[in-house]
2 protein chains.
Amino acid sequence: MFNSKDNRQLAADLAELLDAGYLARATTRLETSDPPTIANILEAFPWEKRLQIWQLLTPQTKGAVLIELNEEVQDGLIAESLPENLVKTVSGLDIDDLADLYERLPEKVRAAVLQAMDERRRQRFEAVRRYPDDTAGGLMDVDAVAVRGDATLDTVLRYLRRIRRQQGELPEHMDAIIVVDRASRYIGMLSLSDLVSLEENRTVSEVMRAELSPIPALASAKRVARLFEDYDLLSAPVVDEDNKLIGRITVDDVVDVIREEADRALMSAAGLEEESDIFAPIVTSAKRRAVWLGINLINAFLAAWVIEQFEGSIERLVVLAVLMPIVASMGGIAGTQTLTLVIRGIALDQIGPGNIRRILGKELGVITINALLFAFMIATTMMIWHQDSNLALVFSSALAINLLNGAMAGAVIPFVLYKLGIDPALAGGVVLMATTDALGFFTFLGLATFFLL
Amino acid sequence: MFNSKDNRQLAADLAELLDAGYLARATTRLETSDPPTIANILEAFPWEKRLQIWQLLTPQTKGAVLIELNEEVQDGLIAESLPENLVKTVSGLDIDDLADLYERLPEKVRAAVLQAMDERRRQRFEAVRRYPDDTAGGLMDVDAVAVRGDATLDTVLRYLRRIRRQQGELPEHMDAIIVVDRASRYIGMLSLSDLVSLEENRTVSEVMRAELSPIPALASAKRVARLFEDYDLLSAPVVDEDNKLIGRITVDDVVDVIREEADRALMSAAGLEEESDIFAPIVTSAKRRAVWLGINLINAFLAAWVIEQFEGSIERLVVLAVLMPIVASMGGIAGTQTLTLVIRGIALDQIGPGNIRRILGKELGVITINALLFAFMIATTMMIWHQDSNLALVFSSALAINLLNGAMAGAVIPFVLYKLGIDPALAGGVVLMATTDALGFFTFLGLATFFLL
């Protein structure tokens, strides 16, 4: 771990070795690197190099690398692999990692993978697959170790040593043992830290922590992430509707959820998908981005249509054309600030029906101060620039109105989109811009037509 | 934990109880709630309610709640608390939590808190404070349990039981014990999972994992987060320049780093600070946002200045004013997509000098396809709308050029800003918009003046 202190060094070395055709040396270099580093480098290489490197990996490393890659690169490598190699690659994966990949494997490979499982592994696999990816059930491992409350710590230690002898290993990332009753219902957690430090003759139920409630299998991944964050958990038990223990979630999977969630918020604001590959084929990328450009083009034409209604005014007073983009864009900026705050507040569960009126009131207060401030500044600037007090008045009023409009739209749009079942992080910016552009042009050109012409 | 399944229910109950003046019942309600939930609710309440609730909390709960709050709300509550109460509130905090808060406490409180520490606690506190907040040293706990490699597992177990008896507890979130040599230099990790499941007569050095390298105290928090993510760590040892063990980082602190980092990226794109309070005083918020509006106003005036140079052209052909915002905004959209991808790629260490030319090449390819596609669509639309083939040609060419301009600016700007030491997540969007607006108007109006008039 951390040996490859410098990703870039490995990337540079590999590029050089591959270009020179030193495949054996490249293989050696890869063997001394760990899967996360290799995955990171694969994503940073274009496709022809990715495939070259992929061919050099052992089946086991391939599996470990595959699960670290983003979905699009995974799909590409799956498509390029022979079915029999793919079976070897994925057969050694942990149940939950395999479940994540499974749906995207070719039919033939899926059948072969299922075939190769023993009965116990297949049962555990089916248990994970029963729940959607983005729920606690989809995130959980099914290899939880559970003990009864009436056992002594000494018995638990002997039990763990026996499992270890028989199976060669304990579940990964085990920081606690789950305590269940006779009917496998969850009753508490025994931390390893307590197990190793308390007197061996005490019973599990005396020392377990019973105040930790289990996570229902259908809780959303987002909710699971929030719970882990708020309560600093390392692992948590997952139960079905009857409170029966069916698995456990470990924090390493939750970290991935948090990162993906954050990534999605960032990328979707620009109409991008977070799971996409920077070296996706050009035509594929172009198609995806064209959708977003198209949606925004409709927006832009809407604004143009508004302007067109005032062609006569612009013809008579061409300075309107010079100033109108300022009104529109400032409304957009003010709106984006409020929009970002509100979307984040909703995501953090801090803005809701209980305080939305207070938030609206505050945003209105903030933007009113700034609207007055900027209207004054702008009016002064205009008096100096164009020496036209009527124009200055119309321009600064329109700007102030569009700042207010932007802030109010930014506060309201996320709620409207939620009601409509649309993700505000994706569509919020577009809808906001449509509002601030069209209303900005309309307000300014309308006021100008009315007062100046 | 998780008892308060519904934050909103608690918020609603508290609001009702406080409004009705039932302080005793509100206190009881708070006593059955856990600190993260209370913190969450405090952030969602306006100031007068926050203070009311704060007064009802016990000093110990106050401490636990305080560390969960965002910095701005923390500062507000610190300012509202009497020094003697504040000392009580923070004295019980864990070393690393206290270190985070320390600088922001009033001088008097700091002195009293230091005074109240015993020698051992003060030494550990100074050790954490030696390192900046955003480094491994700033994130670490100093209460790591360390053993020697020649001890047997049995000895380790007895040692842990003795610490537990003497100190009443072991360090929080302990999943592994750190193995050191005589000079306290790090040599490996012994997982509790191995400790409880392997034969007691084996020695630590036989069963420890030596391949895990420790984290240098000065490694950045961001790098620490990436290591935890990539290697699915629950905890990691921190060492000084001489490889001496000085503490350990646990994943719960890393989760906070990841969340803050993601938050910062999202908020700074709108010129907002992630640590800010949704109920900050209106004037404070207005001032902060005015800075961003002001920067963008300069941008907008720059674009207006470009348009002004072509007033004569617009006067003669007013349709130019109708169409010019479309050219400018579409360039901005195309640019934002590339900008977002590149900033993220750099943050993930996947875009660097080694492949930037490939990335530029790909982005150029993608945008060329879309530029051609949209130029064609637009030209067709214009022929239908205005029946003017020259106008259609000029408009679609300008649009295509500004799409290319946007994508190239989006790819290059982050690198330029990094060189200048400016955070691209904060300034990238503004610089991009300045480019695509000014160049968009210039290209379209310039081409129109040359070819149409």
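Read the figures in this text as sums done on the coordinates, not as results from a lab. Predicted model only: the values in this text are computed from it and were never measured. Positions of Cβ are backbone-derived with ideal geometry, glycine not excepted, and every protein chain shown enters the neighbour counts.
Can you give me the Cα centroid spacing of the stretch B:93-148 and the stretch A:67-104 in angstrom?
46 Å
Could you give me the percent of Cα pairs per 10 Å distance bin for the stretch A:269-381, shortest bin first, beginning at zero and ending with the bin that holds the maximum distance?
With a bin width of 10 Å, the distribution comes to 10, 25, 28, 26, 11, 0.
Need the list of lysines near B:LYS244 for cross-linking: C-alpha distance under 24 angstrom, and skip anything on the same chain fewer than eight residues off.
By straight Cα distance, B:LYS244 reaches A:LYS5, B:LYS222.
What percent antiparallel are the DSSP beta bridges of chain A, to the nearest 5? Could you put the intermediate results ahead of the total?
On the way: 15 of 20 bridges.
Roughly 75 percent of the beta bridges in chain A run antiparallel, per DSSP.
Residue by residue through A:312-324, how many Cβ atoms from other chains fall within 10 Å of the Cβ on average?
Details: counts 1, 1, 7, 6, 2, 1, 11, 5, 2, 14, 13, 5, 5.
Across A:312-324, the average partner-chain Cβ count within 10 Å equals 6.
DSSP loop (so not H, G, I, E, B), at most 10 other Cβ within 10 Å: list which trypsin sites (Lys or Arg not before Pro) in the stretch B:139-195 pass both filters. Please report the intermediate quantities before stating the final value.
On the way: sites: B:ARG148, B:ARG158, B:ARG161, B:ARG162, B:ARG164, B:ARG165, B:ARG182, B:ARG185; in loops: B:ARG182.
Of the trypsin sites (Lys or Arg not before Pro), the ones in loops of the stretch B:139-195 whose Cβ has at most 10 other Cβ atoms within 10 Å are B:ARG182.
May I ask you to list the GluC sites (Glu not before Pro) in the stretch B:156-221 that are in a DSSP loop and have at most 15 other Cβ atoms within 10 Å of their Cβ?
Hits after loop and neighbour filter: B:GLU169, B:GLU172, B:GLU199, B:GLU200, B:GLU211.
For the protein assembly as shown, what is the percent of antiparallel DSSP beta bridges, rounded to the nearest 5? Numbers along the way, then the final one.
On the way: 30 of 40 bridges.
Of all bridge pairs located within the protein assembly as shown, approximately 75 percent are antiparallel.
Tell me what the protein assembly as shown gives for mean residue ellipticity at 222 nm when only DSSP H runs of n ≥ 4 count, each as -39,500 (n - 2.57), the sum divided by the residue total, rounded to 500 deg cm²/dmol. Numbers along the way, then the final one.
Numbers: 44 runs with 620 residues, N = 906.
Computed mean residue ellipticity for the protein assembly as shown: -22000 deg cm²/dmol.
Please report the antiparallel percentage of DSSP beta bridges with both residues in the stretch A:146-268, rounded to the nearest 5.
Close to 70 percent.
Measure off 7 Å from each Cα along the Cα-to-Cβ vector at A:PHE450 and A:LEU23, then give the distance between these two points in nanometres to one decimal.
Distance between the two pseudo-spin positions: 7.6 nm.
With just the Cα atoms defining each centre, how far is the stretch B:342-362 from the stretch B:238-274? Give it in Å.
When both Cα centres are located, 23 Å separates them.
For the stretch A:391-453, build the convex hull from the C-alpha positions and give me its volume per residue in Å³. Could you put the intermediate results ahead of the total?
Values: hull volume 4.1 nm³, N = 63.
Given the Cα convex hull of the stretch A:391-453, per-residue volume reads 65 Å³.
Based on the alpha carbon coordinates of the stretch A:282-452, what radius of gyration and maximum Cα-Cα distance (Dmax) apply, in Å?
Cα-based Rg and Dmax for the stretch A:282-452 come out at 17.7, 53 Å.
Averaging over every viewing direction, what projected area does the convex hull of the Cα atoms of chain B cover, in nm²?
Numbers: hull surface 119.8 nm².
Computed as one quarter of the Cα hull surface, the answer is 30.0 nm².
If you keep only loop residues by DSSP, which GluC sites (Glu not before Pro) in the stretch A:66-114 have at most 13 other Cβ atoms within 10 Å of their Cβ? Walk me through the numbers on the way to the answer.
Working: sites: A:GLU68, A:GLU71, A:GLU72, A:GLU80, A:GLU84, A:GLU103, A:GLU107; in loops: A:GLU68, A:GLU103.
Filter output for the stretch A:66-114: A:GLU103.
Distances from A:PRO132 to the same position in the other copies: list them in nm, one decimal, shortest first, using label points 7 Å from Cα along Cα→Cβ.
Result for A:PRO132, in nm, nearest copy first: 4.3.
Averaged across B:325-337, how many Cβ atoms of other chains sit within 10 Å of each residue's Cβ atom? Intermediate results must be reported in sequence, preceding the final value.
On the way: counts 14, 9, 1, 3, 12, 5, 0, 5, 13, 4, 1, 7, 9.
Whole-number average of other-chain Cβ neighbours for B:325-337 is 6.
Which distance in Å, rounded to a whole number, links the C-alpha centroids of the stretch A:194-235 and the stretch B:16-58?
Taking the Cα centre of each part, the stretch A:194-235 and the stretch B:16-58 sit 26 Å apart.
Just tell me how shielded B:262-273 is by partners: mean number of partner chain Cβ atoms within 10 Å of each residue's Cβ, no decimals. Intermediate values should be presented prior to the final figure.
Numbers: counts 7, 5, 0, 4, 9, 4, 1, 5, 12, 4, 6, 0.
Shielding by partners across B:262-273 averages 5.
First obtain the Kirkwood hydrodynamic radius of the stretch A:57-211 from its Cα pairs, then insert it into the Stokes-Einstein equation at 25 °C and 0.890 mPa s, and state the resulting D in µm² per second as a whole number.
On the way: Rh = 17.7 Å.
Reported coefficient: 139 µm²/s.
How are the Cα pair distances of the stretch A:7-130 distributed, in percent, across 5 Å bins from 0?
2, 11, 22, 22, 17, 12, 8, 5, 2, 0
Across 5 Å bins from 0, what is the distribution of all Cα-Cα pair distances for the stretch A:146-268, in whole percents?
2, 10, 19, 20, 19, 13, 8, 4, 2, 1, 0, 0
For the protein assembly as shown, state the semi-axes of the equivalent ellipsoid (square roots of 5 times the eigenvalues of the alpha-carbon gyration tensor), sorted largest first and rounded to whole angstrom. Provide the component values of the computation, followed by the final result.
Values: eigenvalues 560, 250, 118 Å².
So the equivalent ellipsoid measures 53, 35, 24 Å along its semi-axes.
Report the local net charge at B:ARG25: Lys and Arg +1, Asp and Glu -1, summed over other residues whose C-beta lies under 13 Å from its C-beta.
In short, -3.
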